[in-house]
Amino acid sequence: MAGKGTNPIPGRPDGPPSKLSQDVSRWRVGERKRLIDLRLAMSADERASKTRVIAAGLDRLIGSPQGRIVSLYWPFRGEPDLREWSIKIIEAGGQIALPVVIAKAQPLEFRLWAPGEPLERGVWNILVPSSGRVVEPDVVVAPVVGFDAANYRLGYGGGFYDRTLAAMTKRPFKVGVGYAGARLATIHPHAQDIAMDAIVTDERGSHEH
């Protein structure tokens with residue numbers, strides 16, 4: 001929080017709130033659409049190539065997954081497809097969990113899942129585990145629509161990851177993944193936004209706090 005003699009950070013609780021917050025929200029809607037359109041315009045081969053680089057960056061960053069639970073995501077709207085990488089996690093002695101939207105404005109639920117186990121259509125038609133033990137992962141790998149130098153992520157606007165991370169009793173290692181072209185100068189973080197511990201892209205490997 002800003003003290004005396006410091007400039008308040010736009011969008012934070014010590015900054016000018018309402019009008020600025022509304023302006024930031026409108027700006028985010030525009031940036032979200034622009035960045036999603038950009039990644040959807042990539043060819044499947046280009047996305048696959050970039051995803052391989054991202055997977056290698058995750059390997060270097062996370063290290064051995066043995067005995068650890070790694071939360072991934074089912075790819076949506078051109079996101080990096082890390083399903084092959086998830087198999088490597090399991091083969092190396094780790095476990096995979098997938099996030100499930102339970103209700104609007106509620107934290108996500110993470111369910112253990114392995115290839116071959118049943119999936120069902122969830123919110124936004126995204127596949128989620130039909131069953132699976134509910135867990136708190138050691139590592140949360142979250143897709144980004146956009147990201148900034150402070151490792152804040154621009155998501156889809158529902159606030160699910162921020163709400164979930166704030167509610168977790170375990171403090172997982174938080175990694176955002178996305179394409180290098182999604183970098184922004186700032187996402188103008190709001191008070192409830194939680195920065196990632198690292199961002200991994202196809203260009204710069206990873207950036208940690």
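Bear in mind that the values in this text are calculations on the coordinates, not laboratory data. Because the structure is a prediction, the values reported are computed rather than measured. Glycine gets a Cβ as well: all are built from the backbone with ideal geometry, and neighbour counts include every protein chain shown.
Using 0.36 nm per residue, how much length does the chain from Glu203 to Val101 gain when fully extended, once their Cα-Cα distance is taken away?
So the extension gain works out to 33.7 nm.
I need the phi-derived Karplus couplings for the range 156-168: 6.51 cos²θ - 1.76 cosθ + 1.60, θ = phi - 60°, integer Hz, Gly and Pro marked x.
8, x, x, x, 5, 5, 4, 5, 5, 4, 5, 8, 6
Can you work out the FRET efficiency for the pair Ser131 and Arg83, with r the C-beta to C-beta distance and R0 = 25 Å, to the nearest 0.05?
Using R0 = 25 Å, I get an efficiency of 0.85.
Calculate how many DSSP beta bridges within the range 18-208 are antiparallel, expressed in % of all such bridges and rounded to the nearest 5.
DSSP beta bridges in the range 18-208 are roughly 55 percent antiparallel.
I'd like the antiparallel share, as a percent to the nearest 5, of DSSP beta bridges with both residues in the range 111-209. All intermediate terms of the calculation are to be shown ahead of the outcome.
Details: 10 of 19 bridges.
Antiparallel bridges: around 55 percent, rounded to the nearest 5.
Using 0.36 nm per residue, how much length does the chain from Gln22 to Ala191 gain when fully extended, once their Cα-Cα distance is taken away?
Net length gain for the segment: 59.5 nm.
For the chain, report the % of Cα-Cα distances exceeding 24 Å.
42 percent
Count the lysine pairs in the range 18-208 whose Cα atoms lie under 30 Å apart, taking only pairs 8 or more positions apart in sequence or on different chains.
11
Suppose every K and R has +1 on its Cβ and every D and E has -1 on its Cβ; what is the size of the dipole of the chain about the Cα centre, in Debye to the nearest 20?
460 debye
Could you list which residues have their amide H under 5 Å from that of Ile96, counting only those 5 or more apart in sequence or on another chain, with H placed in the peptide plane?
Amide H neighbours of Ile96, under 5 Å, 5+ apart: Val70, Trp113.
Peptides 138-151, 60-73, 103-116: what's the order by average Cβ count within 10 Å, highest mean first?
Values: 138-151: 21.9, 60-73: 17.4, 103-116: 15.3.
So the order, starting with the most tightly packed, is 138-151, 60-73, 103-116.
Taking θ as phi - 60°, what are the ³J(HN,Hα) couplings along the range 96-103 by the Karplus curve (6.51, -1.76, 1.60), each to the nearest whole Hz, with x for Gly and Pro?
These are the phi-based 3J(HN,Hα) values: 10, 10, 10, x, 10, 7, 8, 7 Hz.
Given the DSSP H assignment, sum -39500 (n - 2.57) over each helix run of at least 4 residues in the chain and divide by its residue total; what's the result at 222 nm in deg cm²/dmol, nearest 500?
After summing the helix terms and dividing by the residues of the chain, the value is -9000 deg cm²/dmol.
Quickly work out the Phe76-to-Asp45 label distance, labels modelled 7 Å from Cα along the C-beta direction, and quote it in nm with one decimal.
So the two model labels end up 3.0 nm from each other.
Could you check the spin-label model distance between Arg163 and Arg60? Points 7 Å from the Cα along Cα→Cβ, value in nm.
The modelled label-to-label distance comes out at 3.6 nm.
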